Every structure is written in C-alpha cells, then in structure tokens.
Amino acid sequence: MNTSLRLNTYWITCADGLEQLLQEEIEQLGSKVTERKAGRLIIQGTLETAYRICMWSRLASRVLMPIHQHDIEFSHDARDVAEELYEGALNFDWSLIFAPQSTFAIRLHVEREIKVNSQFATLRVKDGVVDSFMEAVGRRPSIDTKQPEITLFVLAGKTEHTYCLDLSGDSLHKRGYRRYMTDAPIKENLAAAILQKAQLKERHPDIILDPMCGSGTFIIEALLMLTDRAPGLVRRFGFNGWHGHDRELWLNIKAEAAERHEKALEQPLPQFYAFDADWEAIKATRQNIIAAGFEKLLDRIQIEERTLADWPDFHADGKTAFIVTNPPYGERLGDKASNRALYLGLSALLQKHFPNQYAAVIAAQIEQADVLAFNDPQILRLMNGKLPIYIRFGTIKPVNVTQPFLATWQPQQFEPIEGAEDFSNRLQKNMQTLKKWAVKENIYCLRLYDADLPDFNLAVDLYGDRLHVQEYAPPKKIDPEKAKKRFNLALAAIRAVTGLNRDAIFIKTRARQEGKSQYTKQSTASKRFIVQEGKAKILVNLTDYLDTGLFLDHRQMRLRIAKEAKGKHFLNLYSYTSTASLHAALGGAASTTSVDLSNTYLNWSKENFVLNGLTVDHADEQHQFFASDCFEWLKEGHEQYDLIFIDPPTFSNSKKFYGTFDVQRDHVSLLKRAMNRLHTEGTLYFSNNYRGFEMDEEIEALFDVQEITSETIGPDFKRNQKIHRAWKIQHHQA
C-alpha cells in the first residue's frame, strides 16, 4: 500500500490564541479538523495533507505525526516520569523511522501538574532512543540540538506519553528569510495571522504602510501573501531524513508552489512603505527583503529612515490604504505612560493621513490599544513567545478638527451673580478682547484673567477646552471665611461666563513655594490632557502638581525658538517638561539637549516627544535628556550649541552654590558657563520670573545683550508686563 495515501493522525501546533484562525486556514487547504485543543489542532489526512500544510500554512508552528504511544501504569506510588519516558522510547524500534547515521534532537513538552526535571527527562528520552538503536542495529545515532536531521517531539501526559515525528523540523515560523534581527521582533507566523485576520488579500489595498517596520516582517509577510508565495518554498524540513518520506510527492508539491508564485508575480502589487526611526532597522528590512527573494520588487517598496514626526505629506487621495505596525512597546520606552503617549501620537498621525482606512496595530497592554481612534474596533490576544500581545483592528476615524475654544465662544446670558458682577464683566471683556487674536493665531492655551481686580486675586488659564483656576493665597489679614466666599462667587461667575461645566474647571491654591514643595502633589487624582500649541501636542496635568507642565507666559518664546531652530543644535537648561525643546525638534532642529534636575519632569518631557512622534530610545539619540544640576552639566561637557534657552527658577536647590541657586546672585556664573558652550554666531535666550531681577553689568560688558521682554509677552499677559523678563545674548562679532 502506498504510504502517501494512508490516512494518519497529525497534530498541528500554533501559538495560544491562533487556534480559530489556524483551523480556518487548515480547512481552506482541504483538511478537516477533528479536535481542537489549546495550542493544537488534530486532523486526519494523508501524507500529502501533511506536506501541503508544511508548505502552505502561514500560521502553524509545527506539523507532528504521532508514531508511538506509551501507556502509564499507576501500580507504583511515586511516579518517576523520566524513567517512564525512557521506557517508552526504548520500547519502540526507532530504526524504522530514521537511519543511525542521521542526527536527531528531542523536544519535550510536559503537561501541567506533572512534576519532572525537563532537562533530565529529555536526556532520558534520548537515552531510550539510542539504546533502542543499539538493540535493533548495533549502532547509535548522534545528537545535534542546533540543526538535527530528525526531530522527535515528545508529549509527557498524565496517562500516556506520545512520541511524534516533527515533520516541520524547525518551527514553521522560520521561513528562512530573516537574516538580520532588531529588538523585540514579532514572529513571522503571528505577523501572517494578523494580516489574515485583517483580511489583507480581500481588501486589495493600493498602499501598504508599516511606519515602525523593525526588521520588515509585516512587509515581507504581506509580499508572501500577495504574490502567493508558499512560506515553506525555500526552507528545509524535518521529514527529509525520515524513512517514510515520499520525495517525488514533495517535489511535485514544491513545483506546483513555485509555479503559483511565478504566475502571481504577473499581477499588479500595492505600493509598500517601510519606515523606521532606526537606521539599523532600515538596513535589516532591506536585507531581509532581498533574502526573501523579493529584490526585483524593491522598486515597489519605499524603505526610509523616518520618525513618526517625519512622515512625508502623503494621503490616500482616493486610494485604499492598509496600515499595520508593531510599535516599540515595553522596556525600550520605559514606563507605561510613555508607551501610551506613543500610541496617542500614532493615532493622531493615522487620523491625519489615513482617515477611513484600515489599520492593525500591536500593543503590549490593552490600555495602549484603547487610545487608538478606530471605528468598530476588534481585539485579538496572542502570545509572542512568552509575551502576551493585543492587536487592535479597525477603520481609522477622521480627525476631529477643533478650533480654539474662543472661536466658538459667545458672550453668555445669565443672571447677575451678586457680589461678583465686576469680576464677571472683566472676565467677559477679557475673553472678547482676546478672541480675535486667539482665533487668528490658533492659540489654544492662554491666560484669561490675572488678578485684574484686587478683590478677586486669582488667575484663570484656558487649556484647550478646560480651565485651570489658581487662587493666590490671600494675605493673613484677610478673614479666611470671607476670602473663601469671594472665591466661590468667582467660580460661579467663571462657569457662567465661559459656559463650561464643573468637570472642565480645575482649581489650585498658589502660594510661595520653598524647597521641593513645587514637586508635591496637589491632589491624588491624575488627569492629564493633550493640548495644542503651534505644531506641538503637549501633555498638561491640571490636577497633580502646582504647575501644569506648560508655562503660558513663555508661549511666544517657544514659538520663536521653533522658527529659529531649523538645522541647529539646541540646548535647553532648566528644561522643565522640555516644551521649548519639543518646539525646536518639530521646527527641524538638528538635535535637542534638555537638562533638568527632576526625573519627574524629564520623563514628562520624553512623553511629550513620543506623543509627537519623536524618538527618544536610541543610543545615538538626536534628542537627549539629562537629569543633572545645570552648573555641573555645563562644567563637565564640551559640546557646542547654536541655540540655547535658559529659564531658571528664581530660587532652587543646587549642588554647586551654597546648596541653593539664586537667580540674581548666580546668573553671572550661569551665563558665562553657558556662553562657553555657544557657537560664535549662536544665540542664547535667557529669561526668568524674578520681578526684581537686574542683569549684571559684567554680562553686558562681555557679550552683546539685548532685552526682548516686550517681544516675548503675549497679548494675554500685556496687563502683567512683569510676568517675566527676557534677553537675547550673543558673542561680540569681530
């Protein structure tokens, strides 16, 4: 009887979570699944069935053929599983399966609740196979754990041990094209499963984009699918050294697969885009595409080193697009907050460039996937090795274009609030005055009121469509109850004038800060929002800390830096949340360097960068962040910068100056050190909020100093010209 026609049982294994998709694929290949278990399908079929699965399955991990079963007797109290496995291996004539001159390896899988040393048990299985050979033919085969000619898969069970021939040899996810690796790659069969779940072939996209392509796995798997290239066409298998191998049958299946691929290559393909911020990843993608045999298709694949912030200005423009990517989640970005910022930034970019197009994005935590703006999203949970991953599928929502709050705000009609009439009128007048400017300049964040009236000593700031209200602590001579009542009247007036609900208004009390109190949380509930300023998206925290993460009075300076930074190396000292650095980066700076003593603020800075699609996780970072005392940092380095911004606190702890830093006392030393790091034709901007500050004559003698305070005060701070002072400082030119 021809063994190729005999029905056998086969086990088809897969990663956890892939069982349903694999069953659909197996049935499309013409086989029927008789039983489905976690990570394994069982089918009945001929050898041709097994060969076709080896050749064509994009999702399976292994194709196993059970050849021997060893039943367990429970006559003894303490089970010696390793010896049971040895006896089972010894009691089968393995010379019927492969020749003694062949090399082999054992892969042992132990069911749960079975206690055994897996390494020792594997050795005992090997001993049983070798001893079986010695009894049968007097010769023993050799072990090769790296590239064996025969692989035996053994399942140690509760009532029986099953010995299988692994027809696939190496795991089927190893297609043979991955010559170059990057960090945290996704397995090829998982990538294929995601593309299959997303119905890539059925969608017939004109554009396929992977904006964080890594080593190019998604691009290559898409090419394999769309060119009808069998994943097993160019790899070796574990059945070649098996006595039952039907070489003629296999060669016919292989020839058929090659013919199908050649025919499919005649069909038009989409335009592929493979981007990554890491040049090593770009090189790996190109080399892997060539290794996969697609060198002739490179003219259809645009492979470029690009961050998310550096996408070309392309849109679908009537074409259909398919976006799939595996962002660098996990330890590469640090904490979960940075990862969330990355997904928020990616989502905004997809909404801008590819509204109503289809996307599939991998996430390490479900919370990351939840921020993606997809219509009717679906989720698939898989295991990438030992790591769970979540894939979000869906159609990208169009971007919700928002205008500045004042663009749609109109004076409200409300009953006069007794005791707060003057405050209501002043706030409404301020909003009407600022409206035209804010709409024209696309200003989303601004100050609406700043202690304009002595009886209402508070500041009202607008962040997007939310208000941040700071009550300046009243003098001790003011009755606390009277001050509290007046503040409550002000809050009622604020709600009436702006039309905003209570949940959009955040309240803090501002008093003089000493020591580390500026880092002390004001509340226990963290509510962070994204606001827009110029090209930048910025995370603000309106609840946890006294400062929100964005100093509104420095808006004009940040926008100035954005215009001047292109092609320049930018240094930001006392960088806080590094929003000036962010503007410089988005303005095209060659590099940015941000220095601050607080790790809290530097982590916040990195989130701002990631949110805007800028890379912060490379060893040779274009954008660097240093947790350091600024004086010490200036002293230790030698790099030169074209553009420097320094906005120090009035007073802070410092390792260098008597344990403290005082801006009036210490600004000469600070500026002299900073100017040593400024290129001869560079510009340094210096500002501070100390109302009594005076620039030392020594600085004015040494350098070209120009006060530019009026140019850096926006219309919303015109009433308070002393909110800060600013200078432009340059080296004297010969």
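The values are calculated or read from the model by the stated rules, or taken from the named source; none is laboratory data. Quantities reported herein were computed from a predicted structural model and do not represent experimental measurements. Counting neighbours? That spans all protein chains shown, and the Cβs are built from the backbone with ideal geometry, glycine included. Heavy atoms of the whole protein, side chains included, go into the accessibility calculation; ligands, DNA and RNA do not. Shrake-Rupley method; radii C 1.70, N 1.55, O 1.52, S 1.80 Å.
Using only Cα atoms and rounding to the nearest 10 degrees, what angle (0 to 90) does helix 555-564 make with the longest principal axis of the chain? Rounded to the nearest ten degrees, it is 60. Peptides 575-588, 287-300 ordered by packing proxy, namely the average of other Cβ atoms within 10 Å per residue, highest first: 575-588, 287-300.
The P(r) of the range 648-730 has a tail past 20 Å containing 37 percent of all C-alpha pairs. Starting from the Cα of Asp376, step 7 Å toward the Cβ, then list every residue of the range 175-204 with an amide N under 17 Å from that point. The answer is 197-200, 202-204. Among Lys263/Lys352; Lys436/Lys728; Lys187/Lys296, which pairs are too far apart, with a Cα-Cα distance over 32 Å? Pairs exceeding the cut-off: Lys263/Lys352. Each Lys and Arg Cβ is given +1 and each Asp and Glu Cβ -1; about its Cα centre, the chain then shows a dipole of about 1400 debye. Backbone geometry of the range 483-492 corresponds, through the Karplus equation with coefficients 6.51, -1.76 and 1.60 at θ = phi - 60°, to 3J(HN,Hα) couplings of 5, 5, 5, 5, 5, 5, 4, 4, 5, 4 Hz, x marking Gly and Pro. Comparing Asn339, Pro475, Ala184 along the charge dipole axis of the chain, the residue lying farthest to the positive side is Pro475, per the Cβ-charge model.
Relative protection proxy for 344-354, 34-44, from highest mean packing down: 344-354, 34-44 (other beta-carbon atoms within 10 angstrom).
Helix 188-197 and the long axis of the chain differ in direction by around 70°, with both axes built from C-alpha atoms.
With viscosity set to 0.890 mPa s and temperature to 25 °C, compute the Stokes-Einstein D of the range 444-514, Rh being the Kirkwood radius across alpha carbon pairs; µm²/s, no decimals. So the translational diffusion coefficient is about 194 µm²/s.
The fraction of all Cα pairs in the range 582-734 landing in successive 5 Å bins from 0 to the largest distance is 2, 8, 16, 19, 21, 18, 12, 4, 1, 0, given as whole percents. Past 29 Å, Cα to Cα: identify those pairs from Lys482/Lys508; Lys568/Lys606; Lys440/Lys722; Lys146/Lys201; Lys283/Lys566, in the order given. Check vs 29 Å cut-off fails for Lys146/Lys201.
In the range 263-326, the alpha-carbon atoms span a convex hull of 111 Å³ per residue. Distant-in-sequence amide contacts of Gln302, defined by a placed amide H-H separation under 5 Å and a gap of 5 or more residues or a different chain, comprise Phe272, Tyr273, Ala274. Positive end of the dipole of the range 673-734 (Cβ unit charges, origin at the Cα centre): among Gln730, Val705, Ser687, the Cα lying farthest that way belongs to Ser687. Normalised by 2.2 N^0.38 Å, where N counts its residues, the alpha-carbon radius of gyration of the range 1-64 equals 1.02. Stretching Glu367 away from Lys477 to a fully extended chain increases their span by 34.6 nm, per 0.36 nm per residue minus the current alpha-carbon distance. Charges were assigned to the Cβ only: +1 to each Lys and Arg, -1 to each Asp and Glu. The resulting dipole of the range 367-473 about its Cα centre is roughly 820 debye. Placing a pseudo-label 7 Å from each Cα along the Cα-to-Cβ vector at Asp206 and Phe693 gives an inter-label distance of 5.4 nm. Between the Cα long axis of helix 81-90 and the first principal axis of the chain there is an angle of about 40°, rounded to the nearest 10. Which whole-number percentage describes the relative contact order of the chain, with Cα contacts under 8 Å and a sequence gap of 6 or more? Here the relative contact order equals 8 percent. Subtracting the Cα-Cα distance of Met181 and Asp310 from 0.36 nm times their residue separation leaves 44.1 nm of extension gain.
Selection among Asn720, Ile26, Val531 by position relative to the dipole of the chain gives Asn720 as farthest towards the positive end (Cβ unit charges, Cα centre).
Across all directions, the shadow cast by the convex hull of the range 204-307 built on its C-alpha atoms averages 7.5 square nanometres. Of the peptides 397-407, 149-159, 475-485, the order by per-residue mean of other Cβ atoms within 10 Å, starting with the highest, comes out as 149-159, 397-407, 475-485.
Divided by 2.2 N^0.38 Å, where N counts the residues, the Cα radius of gyration of the range 75-221 comes to 1.41.
Averaging 1/r over every pair of different alpha carbons in the chain and inverting the result gives a Kirkwood radius of 30.5 Å. Considering only the other residues whose Cβ falls under 15 Å of the Cβ of Asn189, what net charge follows from Lys and Arg at +1 and Asp and Glu at -1? Residues near Asn189 contribute +3 overall.
Each residue of the range 1-124 gets 151 Å³ once the volume of the Cα convex hull is shared out per residue. Only protein atoms count toward the accessible area here, which uses a 1.4 Å probe; on the range 140-201, the carbon and sulfur part of that area reaches 43 percent. Can you grab the distance from the C-alpha centre of the range 257-275 to the C-alpha centre of the range 378-447, Å, no decimals? If you average the Cα positions of each part, the centres end up 46 Å apart.
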